[in-house]
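The structure appears right after this line, and notes come after that.
The values are calculated or read from the model by the stated rules, or taken from the named source; none is laboratory data. Just so you know, these numbers come straight off a predicted model, no measurement behind them. Heads up, the Cβs are rebuilt from the backbone with ideal geometry, glycines too, and the neighbour counts pull from every protein chain shown. Each accessible area value is taken on the protein alone, full model and side chains, heavy atoms only, with ligands, DNA and RNA left out. Shrake-Rupley method; radii C 1.70, N 1.55, O 1.52, S 1.80 Å.
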Amino acid sequence: MKIYFLSSLPCLLTLNGAYFGRTDTFPRHAEVCAKDEVFVEFHPENALPIGFFITEQLPFSPPDRCEVYLLPDAIAVYAKNFASSDLTLRVHAQKRIGDTLISVFSQGGGQVCVESAKGTFVQPLPPSFFPSDVRAIGDCFLLVAGDQLMAIDAEGKPILSERYDSFEVEGNSLRALLPLQDSKRRKARCAWEFSGGCRRTEFTLLQPPEEDRVGLIAYAFFESILLGERYAQFLGEDMQKNAEKLPAFLGNFRAVLPTDDESVCHLVYQKTERLYEIKPFRVTLEEGKIVDIQG
């Protein structure tokens, strides 16, 4: 089977102990026979390695600390939750907001501690996410580190996590400019309201050059369905007659990934914990409107 290897940290990748290459968020792939039970190991610079055997159970049971994505013709393994090799206790940020004390620290891994009249709650943070800024937003809290931000609730549970180019907070609202994960480096302007949780209120794709507009329409259409927003505006007259059936046709997808093919988007479906399936969908356009969708 063809397997793509990715990692949240830059890693040295070995197969059966032999150096295979460097991994990060850009995939490196190999043809591997599951019956050979090849041992894969990701070696980051300042964290403990992640290792596992490739077996016929890989499409059904993700290895510990990894996510598995089932592609139409391959499998992608994303090594993600690396444990730090440094067990020193370090406090990265601490702030009292009203009667609540927020502490961000690391000891073998990043954690956030929320102390209030409701109790003391400790939650793990994503690898390499060490916020230096903490602020209130609505009835939640915002942790900011470099080009990443995370919103947590009153018990420290994450309710939003994004990479950003810029952001601003005003009252209960967060507005941010987000880089999309595609080769054309497109961006989106988003907004969320924090009151009794987190609700996205805006998703606006920034206008790309003329040659990118097909990709803009396809991506915006699928994102609109995901958000429950007005998606019929992207459809041709005949397609609009059955517009209400499209969400059921596409199913309960969790994310939209743009591709280098401007007419194709990948939709991400969660099968079980840390196991996802990616399905490609192609749109056909006439006069700037979608007239057909094929999966």
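Of the residues making up segment 234-250, those that are touching a helix residue (DSSP H, G or I) at 6+ places or on another chain (Cβ under 8 Å) and without any contact (Cβ under 8 Å) to a residue 40 or more places away in the chain are Q240, A243, P247.
Kindly check whether there is at least one residue in segment 29-47 that is in contact with a helix residue (DSSP H, G or I) (Cβ under 9 Å, 6 or more places away or on another chain), open to solvent by 60 Å² or more (accessible area, probe 1.4 Å) and part of a loop (DSSP other than H, G, I, E, B). It would help to see each step written out before you state the result.
First pass over segment 29-47, keeping only residues in contact with a helix residue (DSSP H, G or I) (Cβ under 9 Å, 6 or more places away or on another chain): none.
Checked segment 29-47: no residue is in contact with a helix residue (DSSP H, G or I) (Cβ under 9 Å, 6 or more places away or on another chain), open to solvent by 60 Å² or more (accessible area, probe 1.4 Å) and part of a loop (DSSP other than H, G, I, E, B).
Residue under question is D182, and the condition is that it be of a type in the set (D, E) and at pLDDT 90 or above; does it hold? No; evaluated as a whole, the condition is false for this residue.
Is it the case that segment 238-247 has a residue that's closer than 22 Å to L70 by Cα and surrounded by 16 or more Cβ atoms within 10 Å (Cβ to Cβ)? No, the conditions are met nowhere in segment 238-247. Listed by position, the strands (runs of 3 or more DSSP E) inside segment 199-295 whose residues that are at pLDDT below 90 number at least 2 are 255-258. Scanning segment 107-128 for residues that are without any contact (Cβ under 8 Å) to a residue 40 or more places away in the chain and within 16 Å of P158 (Cβ to Cβ) returns G109, G110, Q111, F121, V122, Q123, P124, L125.
Residues that are in contact with a Cys (Cβ under 8 Å, 6 or more places away or on another chain), farther than 21 Å from S84 by Cβ and assigned to a strand (DSSP E or B) within segment 126-156 comprise C140, A151, listed in sequence order. From the list A18, A47, the lone residue that is small (G, A, S), without any contact (Cβ under 8 Å) to a residue 40 or more places away in the chain and farther than 18 Å from R274 by Cβ is A18. The single condition among (1) modelled with pLDDT under 95; (2) in contact with a strand residue (DSSP E or B) (Cβ under 6 Å, 6 or more places away or on another chain); (3) open to solvent by less than 20 Å² (accessible area, probe 1.4 Å) that V77 does not satisfy is (1).
Residues checked against (1) without any contact (Cβ under 8 Å) to a residue 40 or more places away in the chain; (2) among the small types (G, A, S):
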| residue | (1), (2) |
| --- | --- |
| P131 | yes, no |
| G146 | yes, yes |
| F167 | yes, no |
| N172 | yes, no |
| A176 | yes, yes |
| A191 | yes, yes |
| S195 | no, yes |
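Looking across segment 126-158 at every residue that is open to solvent by less than 70 Å² (accessible area, probe 1.4 Å) and among the aromatic types (F, W, Y), the one that is farthest from the chain's Cα centre (by Cα) is identified as F141.
Considering only segment 248-277, how many residues are open to solvent by less than 50 Å² (accessible area, probe 1.4 Å) and over 17 Å from L180 (Cα atoms)? Looking only at that region, the number is 6.
Answer yes if at least one residue in segment 53-69 is of a type in the set (V, I, T), closer than 30 Å to E155 by Cα and either surrounded by 16 or more Cβ atoms within 10 Å (Cβ to Cβ) or touching a Ser or Thr at 6+ places or on another chain (Cβ under 8 Å) (or both), and no otherwise.
Here is the first cut: in segment 53-69, the ones of a type in the set (V, I, T) are 54-55, 68.
If we keep only those that are closer than 30 Å to E155 by Cα as well, we get 68.
If we keep only those that are either surrounded by 16 or more Cβ atoms within 10 Å (Cβ to Cβ) or touching a Ser or Thr at 6+ places or on another chain (Cβ under 8 Å) (or both) too, we end up with 68.
Checked against the condition, which is being of a type in the set (V, I, T), closer than 30 Å to E155 by Cα and either surrounded by 16 or more Cβ atoms within 10 Å (Cβ to Cβ) or touching a Ser or Thr at 6+ places or on another chain (Cβ under 8 Å) (or both), segment 53-69 yields at least one hit.
Looking across segment 90-125 at every residue that is over 28 Å from P63 (Cα atoms) and in a loop (DSSP other than H, G, I, E, B), the one that is least open to solvent (accessible area, probe 1.4 Å) is identified as G98.
Taking the conditions exactly as written (of a type in the set (A, V, I, L, M, F, W, C), under 17 Å from P27 (Cα atoms) and assigned to a strand (DSSP E or B)), does V68 satisfy them or not?
Working: of a type in the set (A, V, I, L, M, F, W, C): yes; under 17 Å from P27 (Cα atoms): yes; assigned to a strand (DSSP E or B): yes.
So V68 passes the test.
Of note, D86 satisfies the criterion of being assigned to a loop (DSSP other than H, G, I, E, B), open to solvent by 50 Å² or more (accessible area, probe 1.4 Å), over 29 Å from V256 (Cα atoms) and in contact (Cβ under 8 Å) with a residue 40 or more places away in the chain. For segment 1-22, a residue qualifies if it is among the hydroxyl-bearing types (S, T, Y) and open to solvent by less than 60 Å² (accessible area, probe 1.4 Å), and the qualifying residues are Y4, S7, S8, T14.
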